[in-house]
Each structure stands twice: as structure tokens, then as C-alpha cells.
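Quick notes on the structure that follows.
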Amino acid sequence: MFDRIAPRYDRMNRLLSMGLDQRWRRRALAAIGLGPGDRLLDLACGTGDLAELAAARGATVWAVDFAGEMLRGGRRRGIDAHWVQGDAERLPFPDGAADCLSCGFALRNFASLPAVLAEMARVLAPGGRLALIEVDRPRHTALRVAHGLYFDGIVPRVGALFSDRDAYRYLPESTAYLPEARELRALIEDAGFDAVRKDALLFGAAQLLTARRRGSPPQVRPDTGGR
């Protein structure tokens, strides 16, 4: 499915979010303090929106996705990243390979969320920072109704018109696979993270989750001149 929608993926993201998706990605990278010298693993990278913004901040980026067409789309954009096709439950990286890990709008697509969160923790160094962006449902009744009319009604129709009917019908349906907030927080903590925080985006239509890999970052030993 994701291979099929890859050619129009970027355009549809901008259209359906009214351009807010890029603002949310920038906010996610700022929230984890991504900067020059950081090693970022962007999981379920799609065609590289987060990877591009991370590279612009001076990070070294590994962009990972299961869908080969998404990766080919990212390469065509000329983004400064290492493109890797891989399974989120079996990432081809050693323990502690990354300082930061980002994942945009993909949690509901993983077959086993606990297994993926455990892999995220494994490849992050102690003290490493995690940023997850995902869709959500507003709590306020009026906002929830308005959001439902758009997300459940308009989005599939627009997707069918400009891209792929089945894929954009799946998009609102896939929220059923997301745990509720308390359970999701517990899953992240159980995987090896602390300092878990949730920020609502667009009145609760989306969410930003940040966390820190438990354990202290390695200390740099002073230069003793070989003594």
C-alpha cells in the first residue's frame, strides 16, 4: 500500500494537513534538541520529510523504511541521508547507534508496537532522545465531532480523488490500532524510556510524544596525555 502511494505522498500530506505537518515535524526535532553532530535514526521515514529537516539542523541521518518506493522517492529528492530498507522490529543497527530517534505518523502501522518500541530503545544510546508524531482524536466534544467529519469523511474522499482509495480509507480506520494515552505512555516506559511527555497538536487532532532513553549518557574521559 505504501509503495503505491509513494509518488503522491508528499503532496497529499501537505494537502490533508493544510501544511501543518511540516510545522509539527520541526517542533518534534526542536523538542528533542536535535543539532549538529547528533546521530538521528528516522524510522518509517517515508520520502524523507523529517530526514530533510534533521539534515538541515546539522544531524547525521539514517532514514529507514520498509517500503522501497518511499526510499526511492527520498533519494530522488537529494536529501543528505543514508537510506536503509528495514523492518522496524529488527533494525539493522548495533545497540546504542543513535543519539536521537524520530518517527512520524507510523505507530499505528506497526504489527507489534511493544516490539518496535523495544527496538527503538535498543538502538538509542543511554540518554538518547525520542520524538514520535502521531494522529489523535480531540477530547472536546465539538472538536471531536468536527474532526470526525473531516478525518473520517473528507480525507478518504480526497485521497480517492488524488491518490489511492483504499490507502486513504485505511488512514482514519488505522487509529483503532493506537492505544489510549495512558496505555501508550506505559508501553513507552516499559520499553526503557522515562521523561515521557505528550503535547497536543491542533487542539488534539495530532500528538507529539517525547521521551528519553533510560541510563546516563557515556561520560567523555579527560585527556591524560597517555598517563
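The values are calculated or read from the model by the stated rules, or taken from the named source; none is laboratory data. All figures in this text were calculated on a predicted structure; none of them were measured in a lab. For neighbour counting, all protein chains shown are included, and Cβ atoms are generated from backbone atoms with ideal geometry for every residue, glycine included.
Look at residue 63 and say whether it is part of a strand (DSSP E or B), closer than 20 Å to residue 28 by Cβ and not charged (D, E, K, R).
Numbers: part of a strand (DSSP E or B): yes; closer than 20 Å to residue 28 by Cβ: yes; not charged (D, E, K, R): yes.
Considered against the rule, which asks whether it is part of a strand (DSSP E or B), closer than 20 Å to residue 28 by Cβ and not charged (D, E, K, R), residue 63 comes out as yes.
Being at pLDDT 95 or above, in contact with a strand residue (DSSP E or B) (Cβ under 7 Å, 6 or more places away or on another chain) and either β-branched (Val, Ile, Thr) or crowded, with 23+ Cβ neighbours inside 10 Å (or both): is that true of residue 31 here?
Working: at pLDDT 95 or above: yes; in contact with a strand residue (DSSP E or B) (Cβ under 7 Å, 6 or more places away or on another chain): yes; either β-branched (Val, Ile, Thr) or crowded, with 23+ Cβ neighbours inside 10 Å (or both): no.
The answer is no for residue 31.
Could you grab me the full set of residues in region 128-149 that are in contact with a helix residue (DSSP H, G or I) (Cβ under 9 Å, 6 or more places away or on another chain) and either in a loop (DSSP other than H, G, I, E, B) or loosely packed, with under 14 Cβ neighbours inside 10 Å (or both)?
136, 137, 138, 139, 140, 148
Hey, any hits in region 85-108 for a residue that's over 28 Å from residue 160 (Cα atoms), of a type in the set (Gly, Ala, Ser) and either part of a strand (DSSP E or B) or at pLDDT below 95 (or both)?
yes
Which pairs turn up if I take residues in region 61-84 that are without any contact (Cβ under 8 Å) to a residue 40 or more places away in the chain and within 13 Å of residue 39 (Cα to Cα) and look for partners that are in a loop (DSSP other than H, G, I, E, B) and not hydrophobic (A, V, I, L, M, F, W, C) with beta carbon separation below 6 Å, at least 6 apart in sequence or on another chain?
So the pair list comes out as 63/48.
Please go through region 113-137 and give me each residue that is touching a strand residue (DSSP E or B) at 6+ places or on another chain (Cβ under 8 Å) and either among the charged types (D, E, K, R) or modelled with pLDDT under 95 (or both), ordered by number.
Listed by number, the residues that qualify are 119, 129, 134, 135, 136.
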